[in-house]
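Only one structure is covered here, and it is reproduced in the block below.
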Amino acid sequence: MDSTCKILVVDDDLAMREMLTSMFSEEGYEADCAASADEAIERSRDEEFDAVLSDIKMPGRSGIDLVAALRELRPETPVVLMTAFGTIDSAVEAMRAGALDYVTKPFEPEVVLCAMERALERRALEQENRQLRRALDQTSQLGDLIGSSPAMREIFALVRRVAHNRSSVLITGGSGTGKEVVARTIHFHGSRADKPFVPINCTAIPEGLLESELFGHVRGAFTGAHTSKRGLFETASGGTLFLDEIGDMPPGLQSKLLRVLQDREIRPVGGNHTIPVDVRVIAATNKELREEIERGAFREDLYYRLNVIPIHIPPLAERPDDVPPLVEAFLTRHSDGARRSISSEAVKALCNAEWRGNGRELENVIERALALTDREELQVADLPLEHVGQASGSSSVVDRLHSCAVRNLTLEELQDLYIDEVMSLHNGNKVHAAAALGIDRKTLYRRAERRARREAAEHEHPTASVG
Ligand SMILES: Nc1ncnc2c1ncn2[C@@H]1O[C@H](COP(=O)(O)OP(=O)(O)OP(=O)(O)O)[C@@H](O)[C@H]1O
Ligand SMILES: [Mg+2]
């Protein structure tokens with residue numbers, strides 16, 4: 001026990017007060033005294049005691065009144081009461097009022113010391129618990145999910161709350177905001193954590209195959225179906241199915257999915273039997289589903305089925321508080337071996353950037369910066385420059401081009417930067433990026449190859465311009 005614990009002794013009997021305070025002092029505690037409940041209350045207003053030992057019967061307010069008052073004033077301070085022998089009723093009353101313990105007079109010094117030690121120990125434990133709880137509230141991480149902004153804290157709370165039930169969740173947010181990370185965190189914090197988490201991207205699979213991918217098919221269901229195959233719903237049995245880019249699910253499949261969610265059973269393609277499934281569905285989209293509904297591209301009834309628990313992740317630009325913890329996490333994730341650091345100016349610059357690609361773009365920037373310099377601590381100048389200092393449109397394209405010129409970027413390098421930017425805007429989709437750049441896909445591939453060759457050569461014969 002910490003020897004500097006502060007104890008307040010309350011008794012109207014001067015001899016008793018002196019005896020107890022000197023006893024506590026000898027034991028290495030800091031002991032103080034008060035002659036009445038009122039005085040003790042006054043003292044407690046200005047000062048926090050670790051424990052209070054008080055007589056019950058005193059002129060004016062009693063020890064029990066003191067317990068009640070301290071519960072309001074200092075709810076964390078334990079109170080031990082001293083009762084005269086035979087007044088067991090008031091002892092019971094004292095406990096009811098919230099005293100931690102009582103000792104019966106006359107007592108052996110040992111008995112009082114033990115009671116106080118228990119009280120102090122109890123307080124220390126409670127303090128520790130509170131600290132742990134506070135640390136938990138302030139931690140900027142839940143599973144792999146990172147953030148300390150109010151919006152992200154709300155998401156943490158929501159994730160914790162819904163992890164244990166089976167309601168459908170719809171996660172919305174821009175590209176790279178961490179929708180999949182949220183989905184995984186829900187799964188791995190719930191009772192389904194030891195069952196599979198099965199992600200499927202509705203845009204990555206050709207429309208014709210998506211149905212059999214989800215629900216399975218029987219042998220001979222279509223040309224090429226030589227054997228029967230289990231669908232992802234069955235694979236995810238007992239666990240979670242993550243339907244990514246749900247906004248792009250073809251309308252025909254939307255009605256089938258709706259039926260599965262309602263009936264909790266699937267019908268494999270070409271089969272005439274149904275299979276019951278216990279799967280939690282989490283869907284995500286970066287589309288505005290209400291607009292899709294208005295356009296007639298998304299079923300409203302499916303939307304309501306999925307949107308039982310909506311989780312929206314705002315753009316990173318609206319959560320600058322999340323940038324520092326994300327940067328820390330990405331530094332750890334992408335420094336191989338010894339963990340590297342970053343200057344506070346560089347973090348500040350990152351907090352002010354626009355992040356149209358949200359967390360994913362920030363992660364790319366950190367990863368690239370780490371790869372491009374050997375410096376132990378990343379500086380502003382190490383950050384890929386197109387991201388720095390562009391606080392919400394404050395620097396014009398011309399300014400940015402100027403800073404490219406200052407860094408002696410070749411036209412080729414500048415084009416690569418621009419291509420990176422467009423690619424990340426289109427989630428790495430080469431078809432879309434090529435269309436936006438006004439070149440065909442083959443040209444984009446050829447450029448990527450040329451760049452890879454150039455970078456490999458630079459890696460072998462580093463020039464002064466790198467880093
Ligand atoms: N809050 C966050 N915590 C941890 N990692 C994050 C966070 N936000 C983004 N990331 C990182 O960014 C990357 C993209 O995250 P994720 O795939 O979950 O985004 P998304 O919202 O699903 O994007 P998209 O719409 O493009 O599919 C991941 O590598 C992830 O680690
Ligand atoms: Mg995603």
Limited to region 123-141, what total is found for residues that are near ligand 1 (Cβ under 9 Å from one of its atoms) and without any contact (Cβ under 8 Å) to a residue 60 or more places away in the chain?
-> 0
If you check every pair at least six apart or on different chains, which have Cβ atoms under 6 Å apart with a residue in region 270-289 that is among the acidic types (Asp, Glu) first and a residue that is at pLDDT 95 or above second?
-> Asp278/Gly238
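Say whether the condition of being under 30 Å from Ala51 (Cβ atoms) and either more than 16 Å from ligand 2 (Cβ to nearest atom) or touching a helix residue (DSSP H, G or I) at 6+ places or on another chain (Cβ under 7 Å) (or both) is met by at least one residue in region 138-149.
Within region 138-149, the first condition is being under 30 Å from Ala51 (Cβ atoms), and the residues that meet it are 138.
Subset that is either more than 16 Å from ligand 2 (Cβ to nearest atom) or touching a helix residue (DSSP H, G or I) at 6+ places or on another chain (Cβ under 7 Å) (or both): 138.
Yes, region 138-149 contains at least one residue that is under 30 Å from Ala51 (Cβ atoms) and either more than 16 Å from ligand 2 (Cβ to nearest atom) or touching a helix residue (DSSP H, G or I) at 6+ places or on another chain (Cβ under 7 Å) (or both).
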Given the conditions (1) closer than 30 Å to Leu289 by Cα; (2) surrounded by fewer than 17 Cβ atoms within 10 Å (Cβ to Cβ); (3) modelled with pLDDT of 90 or more, every one holds for Gly393 apart from (3)
Look at region 201-225 and say how many of its residues are within 13 Å of ligand 1 (Cβ to nearest atom) and either crowded, with 21+ Cβ neighbours inside 10 Å or farther than 29 Å from Asn364 by Cβ (or both).
-> 1
So which residues in region 159-207 are in contact (Cβ under 8 Å) with a residue 24 or more places away in the chain, under 22 Å from Asn429 (Cβ atoms) and away from ligand 2 (no atom under 13 Å from the Cβ), if there are any at all?
-> Glu207
Would you be able to say whether some residue in region 293-302 is within 16 Å of ligand 1 (Cβ to nearest atom), part of a helix (DSSP H, G or I) and surrounded by 19 or more Cβ atoms within 10 Å (Cβ to Cβ)?
-> no
Mind listing whichever residues of region 319-353 are surrounded by 17 or more Cβ atoms within 10 Å (Cβ to Cβ) and not in a helix (DSSP H, G or I)?
-> Arg319, Arg340, Ile342, Asn352, Ala353
Of (1) of a type in the set (A, V, I, L, M, F, W, C); (2) part of a loop (DSSP other than H, G, I, E, B); (3) at pLDDT 95 or above, Leu258 satisfies every one except (2)
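If we keep just the residues of region 90-121 that are of a type in the set (A, V, I, L, M, F, W, C) and over 18 Å from Arg71 (Cα atoms), which is farthest from the chain's Cα centre (by Cα)?
Here the answer is Phe107.
Might you check whether a residue that is of a type in the set (A, V, I, L, M, F, W, C), within 16 Å of ligand 2 (Cβ to nearest atom) and touching a residue at least 60 places away in the same chain (Cβ under 8 Å) occurs anywhere in region 327-335?
Pass one, region 327-335, residues of a type in the set (A, V, I, L, M, F, W, C): 327, 329-331.
Next cut, within 16 Å of ligand 2 (Cβ to nearest atom) only: none.
Taking every residue of region 327-335 in turn, none turns out to be of a type in the set (A, V, I, L, M, F, W, C), within 16 Å of ligand 2 (Cβ to nearest atom) and touching a residue at least 60 places away in the same chain (Cβ under 8 Å).
Here's the yes/no breakdown for (1) of a type outside the set (Gly, Ala, Ser); (2) assigned to a loop (DSSP other than H, G, I, E, B):
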{"site": "Ile155", "(1), (2)": "yes, no"}
{"site": "Arg166", "(1), (2)": "yes, yes"}
{"site": "Ile171", "(1), (2)": "yes, no"}
{"site": "Ser191", "(1), (2)": "no, yes"}
{"site": "Asp194", "(1), (2)": "yes, yes"}
{"site": "Pro199", "(1), (2)": "yes, no"}
{"site": "Gly208", "(1), (2)": "no, no"}
{"site": "Ala221", "(1), (2)": "no, yes"}
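The values are calculated or read from the model by the stated rules, or taken from the named source; none is laboratory data. These numbers come from a predicted model, not from an experiment. When we count neighbours, we look across all protein chains shown, and the Cβ atoms used for this are built from the backbone with ideal geometry, even at glycine.
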